[in-house]
Amino acid sequence: FLKVIDILSLEGFLQIVGIATITIFALAFISFVLILIIGYVLLKKNRLIFPNLALFLMDNFYSILLRLFLLIGTEETFYRIGIEFYNKYYEYKFKKAKKRVLVLPHCLRDTRCPAKLTPNGVECIFCNRCKIAEIIKVANEKGYKVYIIPVSTFLKRILKEEKPDAVFGVACNRDLFYGMNSLSRKGIPSQGQPLLRDGCINTLVDVDELITRLKSL
């Protein structure tokens, strides 16, 4: 009889522990969602909540954050929020950097572009068939060294050879986020400008906005 009571007591205890655990996880999830929403609202108002903690989480637990965010939003939205966060967090440090590079995707080129691929990426010949020449001229005036790259492996070599103090990148939301995330984990300040239209060919960026940012930074 006592054994039966002990078993029932144990089952009751385990039930309470189970309910408590579920409740804790539910509250933690709700809190996390609220933090995401509040953080996004503040980000839109050019304010960051617990910036250093947010940076630590974004740098090291982005895959977990993405999975949780997919419960309330889309993957593209997550990348856009991440890009906005890195832009805001590193804006001041970026402005203080002296040796800066601008990385453009080769897909911004016109399909009839005569420029050749070299070990340093695509070398623009300023044929004016696309807007890249205009961007390069402004970037050079502001002290940027410009690279037009076909794949992300070029960026690794640029970082190794140039050792820049800061990097400004233009890419699709996904590639831009992961690029800025990688740079952040290396301690390199970055700024990013997402493409308006991606697709690996005939892509589009807001040239006016990009040039304005290059000048202001």
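Odds and ends about this structure:
- Exclusive hit being in contact (Cβ under 8 Å) with a residue 60 or more places away in the chain and at positive phi, set N202, N181: N202
- Only residues that are of a type in the set (A, V, I, L, M, F, W, C), at pLDDT 90 or above and touching a helix residue (DSSP H, G or I) at 6+ places or on another chain (Cβ under 9 Å) were counted in region 128-148, giving 6.
- Scope region 63-80; condition open to solvent by 60 Å² or more (accessible area, probe 1.4 Å) and under 11 Å from F177 (Cβ atoms); matching residues: E75, E76, R80
- Candidates V151, V207, filtered to the one that is open to solvent by 50 Å² or more (accessible area, probe 1.4 Å) and aliphatic (A, V, I, L, M): V151
- Only one entry in R213, R174, R112 is open to solvent by 30 Å² or more (accessible area, probe 1.4 Å), among the basic types (K, R) and assigned to a loop (DSSP other than H, G, I, E, B), namely R112.
- When region 146-197 is filtered for residues that are closer than 23 Å to N52 by Cα, β-branched (V, I, T) and touching a Gly at 6+ places or on another chain (Cβ under 9 Å), only V167 remains.
- Residue within region 188-204 that is over 14 Å from the mean Cα position of the chain (by Cα), among the charged types (D, E, K, R) and at pLDDT below 95 present: yes
- Within the option set V122, V138, being hydrophobic (A, V, I, L, M, F, W, C) and either touching a residue at least 60 places away in the same chain (Cβ under 8 Å) or open to solvent by 50 Å² or more (accessible area, probe 1.4 Å) (or both) holds for one residue only, V138.
The values are calculated or read from the model by the stated rules, or taken from the named source; none is laboratory data. Only a predicted model underlies this, so the values are computations on that prediction, with no experimental measurement involved. Methodologically, a virtual Cβ is constructed for each residue, glycine included, from the backbone with ideal geometry; neighbour enumeration extends over all protein chains shown. The accessibility values were calculated without ligands, DNA or RNA, using every heavy atom of the protein model including side chains. Shrake-Rupley method; radii C 1.70, N 1.55, O 1.52, S 1.80 Å.
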